[in-house]
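Working notes, beginning with the structure itself.
The values are calculated or read from the model by the stated rules, or taken from the named source; none is laboratory data. Since this is a predicted model, take the numbers as computed values, not measurements. Counting neighbours? That spans all protein chains shown, and the Cβs are built from the backbone with ideal geometry, glycine included. Heavy atoms of the whole protein, side chains included, go into the accessibility calculation; ligands, DNA and RNA do not. Shrake-Rupley method; radii C 1.70, N 1.55, O 1.52, S 1.80 Å.
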Amino acid sequence: RAKSAGGNRFETADAEADARAITRHGLTNALPAALERGEFFIEYQPLVDLGDGSVHGAEALVRWSHPQHGVLGPDRFIPLAEHTGLIVPLGRWVLEESVRQATAWQEKHGDRADGGPLRINVNLSPTQLHHPGLVADTAEVLERAGLEPGALCLEVTESALIGADDDLLKPLRQLAEMGVDIALDDFGTGYSNLANLRRMPVSVLKLDRAFTLGMQQSPPDPVDVKIVEGIVSLAHSLDLAVTVEGVETGVQAEQLRELGCDTAQGWYYARPGPPERVLAGVLGSSSPGQARAALSLADT
Ligand code: C2E
Ligand code: MG
Ligand code: MG
Ligand code: MG
């Protein structure tokens with residue numbers, strides 16, 4: 001009996017693995033048509049200035065409105081698109097669409113509270129980094145939308161740059177020379193060589209949520225405090241700004257502000273949502289052209 005139960009368990013596990021593989025296969029095959037049919041859409045999550053609580057910009061996060069499976073998050077399909085190369089046209093669509101959105105925000109609301117342009121952050125995957133058209137495509141998208149390069153921040157994961165040679169860093173350098181900001185995403189999860197930071201054309205570190213989890217409790221986890229303190233001081237000494245991901249509570253936001261982090265992003269401020277929602281925060285500004293997260297910072 002035990003044996004057959006064990007056998008069944010294996011069968012079940014196999015069946016589940018099969019089902020997952022079939023779904024993966026189906027999703028992979030459906031990607032090109034989905035792009036053509038316009039099944040992808042972008043949600044935006046505000047980035048907030050920890051100093052004065054004003055809106056700094058927003059990160060574009062892609063989703064797939066699948067006719068059978070409902071809304072799928074990027075973790076379900078970005079790896080598949082990476083694998084088949086569809087990430088190149090998909091990523092270009094995300095860039096075009098978010099740059100267009102950023103231009104619309106700017107036209108409607110003017111600059112940030114501190115005078116800089118409202119920023120749009122767009123994620124780049126490793127395949128896009130290796131694609132020879134990246135620099136020219138990006139320049140063209142900015143030019144056509146009339147967005148200043150300084151309003152765009154491209155996020156590259158730390159792990160995508162591990163062991164990066166000059167061939168890989170060159171397009172990033174060219175983008176940085178154009179005035180585009182490069183952020184190192186999920187920083188702290190990739191075991192990168194800190195000394196390498198010096199030769200990377202990066203201007204922002206996005207500290208992974210794993211490091212900010214320990215700040216949810218009061219008092220905060222003392223080891224996490226030391227780590228964040230160290231990273232902030234290293235980053236600032238290299239002229240890099242620090243953004244923190246996954247801020248879910250007010251306590252966490254306050255602790256990260258005290259530790260000197262520059263900008264923050266997370267459910268505490270706003271979940272990713274349609275562009276009008278980011279606008280709503282901007283619309284709460286106290287003076288014209290000043291972006292203030294009145295809506296998302298309302299005391300809860
Ligand atoms: P990421 O760039 O690190 O994005 C942050 C992720 O954290 C997002 O997940 C966001 O919804 C989630 N998040 C934000 N605030 C909180 C919070 O307070 N708590 C928690 N638990 N999570 C929070 P999402 O949207 O599922 O995206 C996952 C990843 O998919 C992104 O991680 C990014 O690496 C990738 N991705 C998203 N859009 C694109 C894209 O257009 N192109 C590429 N290449 N990758 C993308
Ligand atoms: Mg990101
Ligand atoms: Mg991230
Ligand atoms: Mg992350």
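Quick notes on this one:
- Residue count for the stretch 15-44 under the criterion of being over 16 Å from Gly91 (Cα atoms) and not polar (S, T, N, Q): the result is 13.
- Where a residue in the stretch 245-259 is within 16 Å of ligand 2 (Cβ to nearest atom) and its partner, wherever it lies, is open to solvent by 30 Å² or more (accessible area, probe 1.4 Å) and assigned to a loop (DSSP other than H, G, I, E, B), with Cβ under 7 Å and at least six apart: Val247/Tyr268
- Qualifying position, being open to solvent by less than 60 Å² (accessible area, probe 1.4 Å), closer than 29 Å to Ala33 by Cβ and at pLDDT 90 or above, among Ala151, Ala145, Ala160, Ala139: Ala145
- Residues of the stretch 68-95 satisfying the condition of being open to solvent by 30 Å² or more (accessible area, probe 1.4 Å), out of contact with any strand residue (DSSP E or B) (no Cβ under 9 Å at 6 or more places or on another chain) and hydrophobic (A, V, I, L, M, F, W, C): Val88
- Test: residue in the stretch 195-209 that is surrounded by fewer than 16 Cβ atoms within 10 Å (Cβ to Cβ), closer than 28 Å to Asp165 by Cα and either in contact with a Ser or Thr (Cβ under 7 Å, 6 or more places away or on another chain) or among the β-branched types (Val, Ile, Thr) (or both): no
- Leading residue by the ranking (modelled with the lowest pLDDT) among those in the stretch 42-59 that are over 14 Å from Ala241 (Cβ atoms) and part of a strand (DSSP E or B): Val55
- Candidates Val247, Val228, filtered to the one that is touching a Gly at 6+ places or on another chain (Cβ under 7 Å), at negative phi, at pLDDT 65 or above and crowded, with 20+ Cβ neighbours inside 10 Å: Val247
- Filtering Ser98, Ser65 for residues that are within 22 Å of the chain's Cα centre (by Cα) and either over 26 Å from Glu140 (Cβ atoms) or open to solvent by 40 Å² or more (accessible area, probe 1.4 Å) (or both) leaves a single hit, Ser65.
- Residue within the stretch 189-199 that is within 16 Å of ligand 1 (Cβ to nearest atom) and at pLDDT 90 or above present: no
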